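Chemist: Here you go, one structure.
Computed from the coordinates by the stated procedures, all read-outs in this text should not be read as laboratory data. Since the model is a prediction, treat every value here as computed from it, not as a measurement. We place every Cβ from the backbone using ideal geometry, glycine too, and count neighbours over all the protein chains shown.
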Amino acid sequence: LCVLPPLTVTSPCKILKCNSEFWAATSGSHHLGAEEAPEFCTALRAYAHCTRRTARTCRGDLAYHSAVHGIDDLMVQHNCSKDGPTSQPRLRTLPPGDSQERSDSPEICHYEKSFHKHSAAPNYTHCGLFGDPHLRTFTDTFQTCKVQGAWPLIDNNYLNVQVTNTPVLPGSSATATSKLTIIFKSFQECVDQKVYQAEMDELPAAFVDGSKNGGDKHGANSLKITEKVSGQHIEIQAKYIGTTIVVRQVGRYLTFAVRMPEEVVNAVEDRDSQGLYLCLRGCPLNQQIDFQSIRSAQATEGRARRKGPSLPAPPEAFTYETATAKCREKLPVEDLYFQSCVFDLLTTGDVNFMLAAYYAFEDVKMLHSNKDKLHLYERTRVLTPGNMAPTGTHPTLWVALLCLCWLCLL
């Protein structure tokens, strides 16, 4: 079911709008005084009313069902009646120094302190997805893929990340990320299960239940969301697994970047299921696009043409020369991020894809632990032992030569 394309480009479910409105009404009010409880209940009833209005279009939406259960729990916790006013007053924020930050969180909720107290620092890896779409895996493999529909980026014992890619232009094989769902699984005394969901024109600064941390557990602040630029850039810190996630909206589409310890990357119970774990295994061969050959076609033809029957010609807003000049404004080094920028401008004609490549590289600079590997210049190919011959030499020829030498020695 995960690989089926979506029925529509955008979901009619408006649960993210309900979540955002509730969070706006209750920001800073997690620890309420008695005088604030009625206002909190009013905001909760408005939240419930909003979810009911969108219920018909949200039946299969995980974020919707999570929000509904969360509302019921909060109603019970705060003794809220389901009957009453539903206006949404803005609750006063906590004064400085009265935040819910806890300095006494359990050591188990800080990855570096708990797992590596008496050993070397963990080895961090990076994965990113941006543009049309381009994937950099945890092993620094760089691929350009189709992957239309819903695909799992990360699937391990601690969290799941799924992206949905939709066509940029009607009838085109060019796709970009229109929806992102991140599920943080409940972990010991640190965090409750939390779901984050973003889609085109909706980049919330809170989880789907309206919270901005890991819940009510003692180490809840080892999972936190920070809004860097309203509606454009959020960062999620999951200290209990040593992980940082950056989500951006650039133009209409989303980008994703993560920094994660190798130990967490490989924490998968069912290793047979890792085949669909794109950040680890890369895109399936039948979903990969020959980036290098299309890049050559771009240089000679001045535009990108993807293989396939009856595909529309890409926009003519950019020639190869104008696209390269535009990309150099933000990406002066002609690495694969630069080439991806050129590719996307020629394929889509949308200048926002230049910014997506630029911010993807900025995230690499922030998140990648090996500064010598920031730039990639050739698309990494998946090699099997039989494909390890030197460039330009067919492996069968080498086998024949080795056999001939052996016969000569006899």
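Chemist: Would you please put 252-260, 190-198 in order of how densely packed they are, using the mean number of other Cβ atoms within 10 angstrom per residue and starting with the highest?
Modeler: Values: 252-260: 24.1, 190-198: 22.0.
Sorting 252-260, 190-198 by mean packing, highest first, produces 252-260, 190-198.
Chemist: What are the ³J(HN,Hα) values, in whole Hz, obtained from phi via the Karplus relation 6.51 cos²θ - 1.76 cosθ + 1.60 with θ = phi - 60°, for each residue of segment 239-255 in sequence order, with x given for Gly and Pro?
Modeler: 5, 5, 10, x, 10, 10, 10, 10, 10, 10, 10, 10, x, 8, 10, 9, 10
Chemist: How far, in nm, would the chain grow between Arg281 and Gln193 when pulled straight, counting 0.36 nm per residue and subtracting the alpha carbon separation?
Modeler: Value of the extension gain: 29.1 nm.
Chemist: Next up: Show which lysines lie in cross-link reach of Lys326 when reach means a straight Cα distance below 22 angstrom and same-chain residues fewer than eight apart are skipped.
Modeler: Counting by Cα, and skipping residues close in sequence, Lys326 has these lysines nearby: Lys365.
Chemist: Near the amide H of His233, under 5 Å away, which other amide H atoms are found, from residues 5 or more places off or on another chain, if H is placed in the peptide plane?
Modeler: Amide H neighbours of His233: Lys228, Gln249.
Chemist: Also, I was wondering about something else. In terms of Cα to Cα distance under 26 Å, which lysines are near enough to Lys14, apart from those fewer than 8 places away along the same chain?
Modeler: Excluding near neighbours in sequence, the set is Lys82, Lys179, Lys185, Lys194, Lys212, Lys224, Lys228.
Chemist: Once phi is turned into ³J(HN,Hα) by the Karplus curve 6.51 cos²θ - 1.76 cosθ + 1.60 with θ = phi - 60°, what whole-Hz value does each residue of segment 60-71 show in order, with x for glycine and proline?
Modeler: Values per residue, Gly and Pro as x: x, 9, 4, 5, 4, 5, 5, 5, 4, 5, x, 5 Hz.
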